[in-house]
Every structure is written in structure tokens, then in C-alpha cells.
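Colleague: Quick one: the structure is below, questions incoming.
The values are calculated or read from the model by the stated rules, or taken from the named source; none is laboratory data. This structure is a prediction, so every number in the text was calculated from the model and none was measured. Counting neighbours? That spans all protein chains shown, and the Cβs are built from the backbone with ideal geometry, glycine included. All accessible areas refer to the heavy atoms of the entire protein, side chains included, with ligands and DNA or RNA removed. Shrake-Rupley method; radii C 1.70, N 1.55, O 1.52, S 1.80 Å.
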Amino acid sequence: MISKTGKDFDIIVITAEYYDDHPLSPSGIISRVLDDKGYKIGIIEKPIEKEDFIKLGSPKLFFAVTSGSIDSMLHNYTPLKKRRSEDPHSKISLMPDRALIVYCNKIKEYFKSSTIVIGGIEASMRRFAHYDYWNNDIRRSIIFDTRANILVYGNGEKQILEIAKRIENNLSLKGIFGTCIISKELENDFDILPSFKEVKEDPVKFCEMQKALSNNKNLAQFYDNNYLLQYAYPEYTQEDLDWIYSLPFSRKLHPESLLKMAKFSVVTHRGCIGNCNFCSLRLHQGDKIISRSEESILKEIVSLTKNKEFKGYIDDLGGPSANMYGMDCAERCNNDCLKCSKLDKSHAKLIRLLKKARAIKGIKKVFVRSGIRYDLAIESKDYIKELSEHHISGCLKIAPEHFSEEVLKNMNKDNSRFDEFVSFFENLNIGKKQYLRYYLMICHPGDDEEEILKMKNKIKNLSNIESFQVFTPTPMTNSTCMYWTGINPITMKKVKVIHDYKTKKKLKRIIIEEIKNN
Ligand code: SF4
């Protein structure tokens, strides 16, 4: 049972976003998973006053606290650190800065003895010492500031069920895969990261830490007289995802929900093999693909056609990068899949899925609105044809991000097949009102007044620049490490970095001018 009113709950979920009973909502998916195992779940969304925190009483097992699908600082501030006057995602901006810390301290104030579990992207990407752009300083793992009992990183369905079982049976919370705890002792089989003190004082040590960060290892970091212990991430299988996404989500959305445009979206896989240095996915959802079974996805689509609000349109069929469905590899080694000859880049499973999905009775159109990796899609011209003819309406969004080799190298991106993709797509759509739209990023480490001209010159011949963003150093990414240390942690080579507001504004003006003239 999941409810926003009542008492005597086993677990109370506190979220900085509105709660949606939807598979794309972090609090929605965790609540459904716990509910399916018979736990009574209370929901508190966007609490402010004392009454908001205490209205459901104290949970029998624990509070589960999340800022939702976005870090609260990223939510509340622009890339140039201006406080967003109006919350971009919902009309009412009720998300406090550092929401996890604020909420957990309130719980400690009103429910001293309650157990606190933190999760979601803010916890996940602040689980070790990290550079905080908004403080312009190194902060310790967020588990210390929240005084939480345990931190869940990545997608947390398996972890939260194990935690509930352990607390229910008064068992220790040590040793749960995919979690972090504070421990006086260092357990066996842990790789030791440079300590908090070392990474705070020495940029080279900070890079060493960054390079060693992984979801696939037991890692330990020393703080004053404690260790922060990370247990390696659990293996999520196709069966796990099929079960999670088969749960009876009502898809009822809060009136101010972020998910309005994605109400009838279907997730096909998790993980991303793109490994872009500015992205948090590698250390959150993971850098290997886990695909759902075709049967499970088609079954979900059939069930959506029975939803009385369904109008025949699947809003999106995809994942972090839509065209990585089916690119699972049993080897799960640590190499870069995109550069590996063993990776099946045929898109065959995806093309078959798309064909079957759009043939389902009651389906008018299946949209693919998640971004695609065009440098992967170019490997399968059949896939691009399928997409153009059946699954987009008017535009396909791709993210070349930049056109300077220096910047792309630091992003770990390759645009060598960009022109080939653009001309193939444009030839395919001659006479049709279908266009490419481009995502670009400026001020990433490596960028400066010289490199930006390479983007300016390239976009001269490009129309439809969807948007360009100013790089924001979010916690625990390789690019953020470059931003803070001036060193690329992978190559350990020095990198040019723009820190000052004036130069960032100047680069922004150059691109805005060019887009205007375009
Ligand atoms: S063998 Fe290749 S495709 Fe498979 S996990 Fe390793 S790098 Fe990726």
C-alpha cells in the first residue's frame, strides 16, 4: 500500500520532487518495488514546515530520502550559478539547496532514533569526496553531512529491498552491494582511495581518486577516524528489469509533474556505453547495457493501450541513449565498448522491437524522443531509415557537443562520422519536413576563445541548433575533476580550463551571435 496520508507505515519516502506513480519517477519506482513485497509505504513530497515532516508519524523501519532525478543544486542554479528565479521543472520551486542534507537534519530533529536511508542522484554522485561547484570547494561524502545510516547509489531497487529485510530482522547493514556506509574498521578486499585530506590538499591525489572510481569495486576512503566503504554494485539482470517495469504503475501524475510529456514512455534498457567525461551515468546507472526482454516491453505497451487516457501514442521508447537497446555484452569487461569489435552494433534487436511495437493494436505511433548516439547509429543505416520513417516527427536530436578536437578529446567524444551521419539523414529526408537538431556544450575543459571558433565555424553551416549549454561541473565526473585540478585524470595531462564568469559569458555571446546570424 502506498499513501500520502495515514500512519503506521513501514517505510516513509521523502522526496524533493513531486511523487508520481510512474516508472520514470525515482520515488515512484522505489515505492512500487517495496509495495510489491508487502511493505506499507508513506509518501512525503517537497516538505517545508515541521508539520510536513511529522504528518505520517515515525516509520517502523526507516525513512528513505531522495532529491529525485536531479541534484538540488543543479535544479536551483543556472550553469553560471545564478539562482533560477523560477524552477525550470515545476512552477513552484520548493526544492531547498542541498535538499538531502536539509531533509535528513529535519528528520534527526523530529525523529532522533529513526534510521535514514539516502538515495537518488544527489546521494549517488556525492558518495565520495567531491568537488562542489557551488561552494567552489571539496566536500566530504554526503553520508557524513546527512548523518544517514546508509547510502544507496545507482538505481536502488535491489538495495532497498535488502535494507528493508535486514532492518526488519535487526541485522547489520554492512556488506550490502550497491551501498555505502561509515565504518571504524577497514574490511578485507577493499581498494583504498586517497583519503579525504589528501584529495582536498593535492590535485594529483584528487585525480588518482577520480581515476579509481568505479561501480564494480569495493572502495574505501579514510576520513579523520572513519572509513567510507562502498560495496560494489549488484548485478541487475534482464529478469530484474522485466519485473521492475511490469509492476502496476497507475501512471497517475502530480498536476505539476515533470513527467507530463513522458506519461506513456517505456524504458527499454539501463546503462550507457558512451562514457562521456561530463556525464554522471557511468558512476550512477553504470557503463554497461542491461536490456529488458522484447516480450516484457511489448507486454507493457499492450497494457498501456488499455489505459483510458491513452490516445495511441507512445511518448518515448528508449533509455539513456535510445539506440543502445540490445547492446548487452556477457563479458562485462572494463574496456570501452564503443571502441570494441565484439560489440554488436547492428541495431538488429532494436529494429525488430520497433517494428513489433508499432504493429500493436491501438498504437498510432511509437516516438523515439530519447537522444540517440549518432556515431553508433551510423553503423546501421537500416536503423536510421526505421527511425526517420516511423519514429520521429519533424526532428531528430543528436549531441555532437563541440567541434574542436581538443575539447572533444577531453569530453571523450568522437565526431569523425558527424558529416557522414548528417548527409545520410538529410538525403534520406529530402522533400520531407524532417530535420536534425543539435545539442552543443561550451566552456568544457579544453575550451577557450580559440577552440570556440571551431564550433562557430562549423555551426555556420548548420541550422536548427536545439540548444547549447554552458558546461556545469557536476559532482564526481571526470570533466569536473579536470575543472578543479586542471588535469585530465585519464591522461594526467594538463588541460586549459575557464573559471572566470567574464570569459564564459564571452564564449556564450560568440555562439549566440552565430546562431542569430544563422
Ligand atoms: S568485450 Fe567489448 S563489448 Fe563486451 S563488455 Fe568488453 S568492451 Fe564491452
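Colleague: Separation of region 295-329 and region 424-456 by C-alpha centroid, Å?
Modeller: First find each Cα centre; the distance between them is then 29 Å.
Colleague: Compare the Cα positions of N335, M125, H391 along the charge dipole of the chain (+1 at Cβ of Lys, Arg; -1 at Cβ of Asp, Glu; about the Cα centre) and return the one farthest towards the positive end.
Modeller: With unit charges placed on the Cβ atoms, the residue in question is H391.
Colleague: Can you give the net charge of the other residues whose Cβ lies under 10 Å from the Cβ of M492, counting K and R as +1 and D and E as -1?
Modeller: Value of the local net charge: +2.
Colleague: Which value, in Å³ per residue, describes the convex hull spanned by the Cα atoms of the chain? Write out the running numbers ahead of the final one.
Modeller: Working: hull volume 77.4 nm³, N = 518.
Considering the Cα atoms of the chain, their hull volume per residue is 149 Å³.
Colleague: Calculate the FRET efficiency for K4 and Y313 from the Cβ-Cβ distance with a Förster distance of 35 Å, rounded to the nearest 0.05.
Modeller: Working: r = 29 Å, r/R0 = 0.84.
FRET efficiency, K4 to Y313: 0.75.
Colleague: Any chance you could run the full-extension gain for K197 through D137? It's 0.36 nm times the residue separation minus the Cα-Cα distance, nm to one decimal.
Modeller: Working: separation 60, 0.36 × 60 = 21.60 nm, distance 1.27 nm.
Gain in length upon complete extension: 20.3 nm.
Colleague: Using unit Cβ charges (K, R positive; D, E negative) and no other charged atoms, how large, in debye to the nearest 20, is the dipole of region 2-230 about its Cα centre?
Modeller: Values: 33 positive and 32 negative charges, 60 e Å.
Dipole magnitude for region 2-230 comes out near 280 debye.
Colleague: Now, a different point. Given a 1.4 Å probe and every protein chain left where it sits, what share in percent of the accessible area of region 8-92 is carbon and sulfur?
Modeller: On the way: 1550 of 3140 Å².
Exposed carbon and sulfur together represent 49 percent of the surface.
Colleague: Determine, from the Cβ-Cβ distance of K211 and E168 and an R0 of 30 Å, the FRET efficiency 1/(1 + (r/R0)^6), rounded to the nearest 0.05.
Modeller: Values: r = 39 Å, r/R0 = 1.30.
So the FRET efficiency works out to roughly 0.15.
Colleague: Over all alpha-carbon pairs in region 368-474, figure out the percentage whose distance exceeds 22 Å.
Modeller: Details: 1762 of 5671 pairs.
More than 22 Å apart: 31 percent of the Cα pairs in region 368-474.
Colleague: Using the heavy atoms of the protein chains alone and a 1.4 angstrom probe, what is the accessible area of region 55-196 per residue in square angstrom? Display every interim value, and only then the final one.
Modeller: Numbers: 5700 Å² over 142 residues.
Per-residue accessible area for region 55-196 comes out at 40 Å².
Colleague: Summing -39500 (n - 2.57) over the DSSP H runs of n ≥ 4 in the chain and dividing by its residue number, what mean residue ellipticity at 222 nm do you reach, to the nearest 500 deg cm²/dmol? Walk me through the numbers on the way to the answer.
Modeller: Values: 19 runs with 163 residues, N = 518.
So the calculated ellipticity at 222 nm is -8500 deg cm²/dmol.
Colleague: Counting only heavy atoms of protein chains, what accessible area per residue, in Å², does region 264-393 have with a probe of 1.4 Å? If you can, show how the numbers build up before the last one.
Modeller: On the way: 5510 Å² over 130 residues.
Computed with neighbouring chains in place, this is 42 Å² per residue.
Colleague: For K355, give me every one of the aspartates and glutamates with a C-alpha distance below 14 angstrom, ignoring sequence neighbours fewer than eight places off in its own chain.
Modeller: Reachable aspartates and glutamates: E294, E295, D382, E386, E389.
Colleague: Using only alpha carbon pairs under 8 Å that are at least six residues apart, calculate the relative contact order of region 98-187 and give it in whole percent. All intermediate terms of the calculation are to be shown ahead of the outcome.
Modeller: Numbers: 112 pairs, mean separation 24.4, N = 90.
Rounded, it is 27 percent for region 98-187.
Colleague: Suppose every K and R has +1 on its Cβ and every D and E has -1 on its Cβ; what is the size of the dipole of the chain about the Cα centre, in Debye to the nearest 20?
Modeller: Once rounded to the nearest 20, the dipole reads 1220 debye.
Colleague: Moving to a separate point now. Are there cysteines in the chain with no other Cys C-beta under 4.7 Å, and if so, which?
Modeller: C104, C180, C207, C272, C329, C333, C337, C340, C395, C443, C481 - these cysteines have no disulfide-compatible partner (Cβ-Cβ under 4.7 Å) in the chain.
Colleague: Please name which of F418, H284, F111 has its Cα lying farthest along the dipole of the chain towards the positive end, using unit charges on Cβ (Lys, Arg +1; Asp, Glu -1) and the Cα centre as origin.
Modeller: F418
Colleague: Mind ordering 325-337, 5-17 by average Cβ neighbours within 10 Å, highest first? Walk me through the numbers on the way to the answer.
Modeller: Working: 325-337: 15.7, 5-17: 21.0.
My ranking of the peptides, most packed first, is 5-17, 325-337.
Colleague: Dipole of region 377-518, Cα-centred, from +1 at each Lys and Arg C-beta and -1 at each Asp and Glu C-beta, to the nearest 20 debye? Don't skip to the answer; put the middle values down first.
Modeller: Numbers: 23 positive and 20 negative charges, 99 e Å.
Using Cβ point charges on Lys, Arg, Asp and Glu, region 377-518 gives about 480 debye.
Colleague: Ok, one more. Show me 62-73, 439-450, 100-111, 304-315 ranked by packing, highest mean number of other Cβ atoms within 10 Å first. Before the final figure, lay out each step's value.
Modeller: Working: 62-73: 24.8, 439-450: 21.0, 100-111: 19.1, 304-315: 13.6.
Result, highest mean Cβ count within 10 Å first: 62-73, 439-450, 100-111, 304-315.
Colleague: Tell me, what is the per residue accessible area of region 405-518 in Å², probe radius 1.4 Å?
Modeller: Working: 5630 Å² over 114 residues.
I get 49 Å² per residue for this part.
Colleague: Give the Cα extents of region 264-393 along the principal axes, in whole Å, largest first.
Modeller: Between the extreme Cα coordinates on each principal axis of region 264-393 lie 45, 30, 26 Å.
Colleague: Now, a different point. At R0 = 41 Å, how high is the FRET efficiency between L161 and E389 if r is their beta carbon distance? Nearest 0.05 is fine. Numbers along the way, then the final one.
Modeller: Numbers: r = 42 Å, r/R0 = 1.03.
The value I calculate is 0.45.
Colleague: In region 264-393, carbon and sulfur make up what percent of the accessible area (probe 1.4 Å)? Don't skip to the end; give the middle numbers.
Modeller: Values: 2770 of 5510 Å².
Answer for region 264-393: carbon and sulfur cover 50 percent of the accessible area.
Colleague: I've got another one for you. Heavy atoms only, probe 1.4 Å: what % of the accessible area of region 394-518 goes to carbon and sulfur, would you let me know? Present the calculation step by step, with values, prior to reporting the outcome.
Modeller: On the way: 3010 of 5840 Å².
The nonpolar share, carbon plus sulfur, comes to 52 percent.
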